[in-house]
1. Can you give the charge dipole size of segment 70-178 about its Cα centre, rounded to the nearest 20 debye, using +1 on the beta carbon of Lys and Arg and -1 on the beta carbon of Asp and Glu?
2. For segment 123-170, what does the equivalent ellipsoid look like in terms of its semi-axes, each the square root of 5 times an eigenvalue of the Cα gyration tensor, given largest first in whole Å?
3. What list do you get for Tyr175, Tyr23 if you sort them by fewest beta carbons within 10 Å?
4. Would you list, by chain and number, the lysines whose Cα falls below 20 Å from the Cα of Lys209, excluding same-chain residues fewer than 8 positions away?
5. Helix 119-131 versus the longest principal axis of the chain: what is the Cα-based angle in degrees, 0 to 90, to the nearest 10?
6. Any idea what the relative contact order of segment 11-59 is, in percent, if you count C-alpha pairs under 8 Å spaced at least 6 apart?
7. Test of understanding: what is the full-extension gain from Ser95 to Arg144, defined as 0.36 nm times their sequence separation minus their Cα-Cα distance?
8. Taking amide H positions as placed in the peptide plane 1.01 Å from N, state which residues far from Asn154 in sequence (5 or more) or on other chains have amide H under 5 Å from it.
Amino acid sequence: MLIDPTGMDDDWYQNKNGDHKWYNSNESTIEENGETWSNIGTSYTHKQGNQSYTYDQDKLASLNIDISSKVNWISQFTLSNPKSACFRAVKAMLSELGLTPASGLSSGDIQVGSDGNNMSKASGAIEGSLLSDKPIAVGLTDGRKSPNNDGVTNHFVLVTGVTFNFVTNSTSYSYYDPGKLTTENGTSPNNILNVSTKSIYASSLKVTKRVSSVRQNN
């Protein structure tokens, strides 16, 4: 199949069965072997289970893995001593899936330093868990001291998805936040952790927080 180097004449097409093809054409319809294919535009997203592959022209633009539908969001404010119940809420969400997060400072707790120490190990653990269809608990810090075991982490969330953007060469994680009062806010698509070379951070919160701990599932 020929590819137009300008990218101006290449579109995705769909037949009546819902099958998709990319053609070197921008015609409204194409007839092939007695079958009609209708133009649906320059981009197309193919969904397979929890994974979504988005193409821009004939190039893979992004891959998204979303397992949030498996998780029942729980607010820490429905638990006893709610102000300090974020980890218990995350643990309860995992428990409904038969999973248990590692204890603080155990071998399953990956501590991520402010200098980026253990960054690759942390991101590898998060992505590996999501690829196995398992959400994973992560701790966040805004730099203040904490009563938690590591003395740094002051909030916990549950990572439920990852997006690899091959156009911008960037990665981001979506998460459920038990520190919200409503399902709408706790499961908001704006709950995003961005991955940089030295940190995994959430800039959508009132105060920017970075990932300080990744509690792998036992």
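Every number in this text was worked out from the coordinates using simple rules, so none of it is lab data. Here the structure is a predicted model, which means the values were calculated and not measured. When we count neighbours, we look across all protein chains shown, and the Cβ atoms used for this are built from the backbone with ideal geometry, even at glycine.
1. 220 debye
2. On the way: eigenvalues 133, 40, 12 Å².
The equivalent ellipsoid of segment 123-170 has semi-axes of 26, 14, 8 Å.
3. Going from sparsest to densest Cβ surroundings: Tyr23, Tyr175.
4. Result set, ordered by chain and number: Lys83, Lys121, Lys145, Lys180, Lys198.
5. 60 degrees
6. Here the relative contact order equals 35 percent.
7. So the extension gain works out to 14.7 nm.
8. Leu140, Thr141, Asp142
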